[in-house]
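Working notes, beginning with the structure itself.
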Amino acid sequence: MKDKLYLPKTKLSGFINFCLGIAGRAQLKALNKASKNCAKSEEKTLRSILEYAKDTEWGKAHNFAEILEAKDAQTLYERWQKNVPPQDYEDFRPYIERCKNGEKDILYPGKAMMFATTSGTTSKPKWIPITNEYYNNVYSKMTKLWLYTFMMHRPKVFQGRNFSVVGKAIEGAAPDGTVCGSVSGVTRRDCPGFMNNLHSAPFPVFSIDDYHSRFNTLVRIGLEQNIGSMVTANPSTVAEIKKNIIANYDSYCDQIEKGTLDPSYKMDDDVRKAIEATLKPNPRRAKDLRMLKAKYGTPLPKHFWPNMQLLTTWKCGNTRAYMTSFKEDFPENMLHQEFSYFASECRAGLVMNGGDDTVPMSHMHYFEFIDENEIGSDNPKFLQLSELEVGKSYSIFVTTMAGLYRYNMNDLIKVTGKYKSVPMFQFIQKINGIVSMTGEKISERQFIDAVKSVESETGIKTPFYLAFADLGISTYQMYFEFEDQNLSSDTVQDFGKKVDDKLRQLNCEYESKVTTERVKPAIIHELKKDSLDMFKKIAIEKGLSREGQFKFNSIMQNEQRHEIIKTLVK
């Protein structure tokens, strides 16, 4: 029997549907037009990016104007590949540093509107430029289409509020004053006034500096409301929302009843004042919530948010492991939609079929790919989007309107089908020595640097060490063979903790994930003497590597190799 709860519909829901319908259908029409001929669309997109950036310092140095003179697509791509080598972030860093210091027309015309910050493969974070051209003509238009897909699959989705978890719009600034922060936060901040009725929390919530206070405030406000959709990239955040509500249920009920906000939450006075101005006593909702606890013992989202229509998070790659912790907790008819292939460097596409397959926006970005079997080769063949084959996996490179050209995403994707003529794909995993469980993207170089730094500080030598991502318990298992095999267990644990602390210093995303408890502190193990030789021997015996070709990354996600290393613990 369905619980009788008072859950009012969102104000202006009809008007929101009308406006989003107009904007969304326009973008869907543009996508469908571009998707009729993927090859033609990609050629047109590359030419438009070249035209946009040809007079920049980077464009001149790489002969964009000459490339544009190509009369056909084949010549265009040949000139493009000849003049522009594949790039990673470190190739762009010197140019971006100049942009941060106020120089114009370096990688893109003029200056960036903002920078998005994320972890890099070194100790320095990546600053990703977000140009006005990219934000207005790519990101913003894709957001309109994205929200429209919610309506396509669940027409009643906006009758309830949207519970979204976004980053801070402004987290700092470059030396020239250009702000850095979260693009999702800026989008939330700049949304039209009528859209404010759609969001569960007022925008000042996302300016709370203290993470736990911000998260508790967001959840307390959301628990009071009729939630129709939830948007957060990491499914680990959904698991944390559930855990948070269970832990604070009675407190939230009291706050909802009185229309207050817990005074222990840390925030600036003006922020608290702005948030509290939006709160009113709601004894009716508090009574309903207490009734649910009395009935179910541990109320779940399907109980207090029974009208929830759609949840969108990442579902592909490593993130699948987190979904088992909440997949039975939401309303039976709710759609759990893949967040799509989305990174700070490039919002590559959207899921259009309600499932897990990303449709790359061929009319907004230019894409290139390397077959999985050619990754790491000296002279790989670069493929166009239109040349991909269903069922095969590829490394992806992107060129955008934000100053990234032939940028290696270090991601492996698998082609799963087609949207008209456009290959759809799913993210499989990070490659080239990068591991990520929930967005932290730890590189092998960072792990090695952390170990070497602690060796230097302590004088303790480790001839062999490995770390494995353990999705089952959301942590990294670290294994060290010490030169001195007589170290105390306390010394071993202290060494490992120092490595984990150093790794958090080197990787801002890892620090964030550990601080917010989405990743647990590392677990430390000591290995037997000569573990590398034994590890190699067993791996070859099990057929995991060939003699003479044995190699491995110092940090990885590989269950077969992890099982081997477990047998070598002292």
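The values are calculated or read from the model by the stated rules, or taken from the named source; none is laboratory data. All values reported here derive from a predicted model rather than from experimental measurement. Quick reminder, even Gly has a Cβ in these numbers, built from the backbone with ideal geometry, and neighbours come from all protein chains shown. For the accessible areas, the whole protein counts, side chains as well, though only heavy atoms, and no ligand, DNA or RNA atoms are used. Shrake-Rupley method; radii C 1.70, N 1.55, O 1.52, S 1.80 Å.
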Counting only residues in the stretch 498-531 that are farther than 30 Å from W127 by Cβ and not hydrophobic (A, V, I, L, M, F, W, C), the one least open to solvent (accessible area, probe 1.4 Å) is identified as S531
Restricting the stretch 66-108 to residues that are open to solvent by less than 60 Å² (accessible area, probe 1.4 Å) and without any contact (Cβ under 8 Å) to a residue 12 or more places away in the chain, the one nearest to N132 (Cα to Cα) turns out to be A70
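Residues are listed down the side, and each one gets a yes or a no for (1) charged (D, E, K, R); (2) under 27 Å from T149 (Cα atoms); (3) out of contact with any Ser or Thr (no Cβ under 8 Å at 6 or more places or on another chain):
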| residue | (1), (2), (3) |
| --- | --- |
| G177 | no, no, yes |
| D190 | yes, yes, yes |
| H199 | no, yes, no |
| D209 | yes, no, yes |
| V219 | no, yes, yes |
| V231 | no, yes, no |
| Y265 | no, no, no |
| A274 | no, no, yes |
Residue count, the stretch 405-420, condition open to solvent by 10 Å² or more (accessible area, probe 1.4 Å) and not in a strand (DSSP E or B), comes to 1
Among (1) in contact (Cβ under 8 Å) with a residue 60 or more places away in the chain; (2) part of a helix (DSSP H, G or I), Y479 falls short only on (2)
In the set A30, A39, A70, the lone residue that is at pLDDT 95 or above, assigned to a loop (DSSP other than H, G, I, E, B) and among the hydrophobic types (A, V, I, L, M, F, W, C) is A70
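Inspect the stretch 299-312 for any residue being in contact with a helix residue (DSSP H, G or I) (Cβ under 9 Å, 6 or more places away or on another chain), of a type in the set (A, V, I, L, M) and not in a loop (DSSP other than H, G, I, E, B) and give the result as yes or no.
From the stretch 299-312, those in contact with a helix residue (DSSP H, G or I) (Cβ under 9 Å, 6 or more places away or on another chain) are 299-301, 303-305, 307-312; that's our starting set.
Within this subset, residues satisfying the condition of being of a type in the set (A, V, I, L, M) are 300, 308, 310-311.
Narrowing further to those that are not in a loop (DSSP other than H, G, I, E, B): 310-311.
Checked against the condition, which is being in contact with a helix residue (DSSP H, G or I) (Cβ under 9 Å, 6 or more places away or on another chain), of a type in the set (A, V, I, L, M) and not in a loop (DSSP other than H, G, I, E, B), the stretch 299-312 yields at least one hit.
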Within the stretch 118-163, the count of residues that are among the small types (G, A, S) and part of a helix (DSSP H, G or I) comes to 1
Those residues of the stretch 13-51 which are in contact with a helix residue (DSSP H, G or I) (Cβ under 8 Å, 6 or more places away or on another chain), among the hydrophobic types (A, V, I, L, M, F, W, C) and open to solvent by 90 Å² or more (accessible area, probe 1.4 Å) amount to F15
Check: Out of curiosity, is Y407 in contact (Cβ under 8 Å) with a residue 24 or more places away in the chain, in contact with a strand residue (DSSP E or B) (Cβ under 8 Å, 6 or more places away or on another chain), closer than 25 Å to P85 by Cα and of a type in the set (S, T, Y)?
Finding: yes
Picked from the stretch 52-62 (must be open to solvent by less than 50 Å² (accessible area, probe 1.4 Å) and not hydroxyl-bearing (S, T, Y)), the residue nearest to K111 (Cα to Cα) is A53
Among the residues of the stretch 289-300, the number that are free of Cβ contacts under 8 Å to residues at least 60 places away in the same chain and surrounded by 19 or more Cβ atoms within 10 Å (Cβ to Cβ) is 1
Taking the stretch 442-480 and keeping residues closer than 16 Å to D501 by Cβ, in contact with a helix residue (DSSP H, G or I) (Cβ under 8 Å, 6 or more places away or on another chain) and open to solvent by 10 Å² or more (accessible area, probe 1.4 Å) leaves D449, S453, E457, T458, I460, Y465
Of the residues in the stretch 231-271, those that are charged (D, E, K, R), part of a helix (DSSP H, G or I) and under 18 Å from G167 (Cα atoms) come to E240
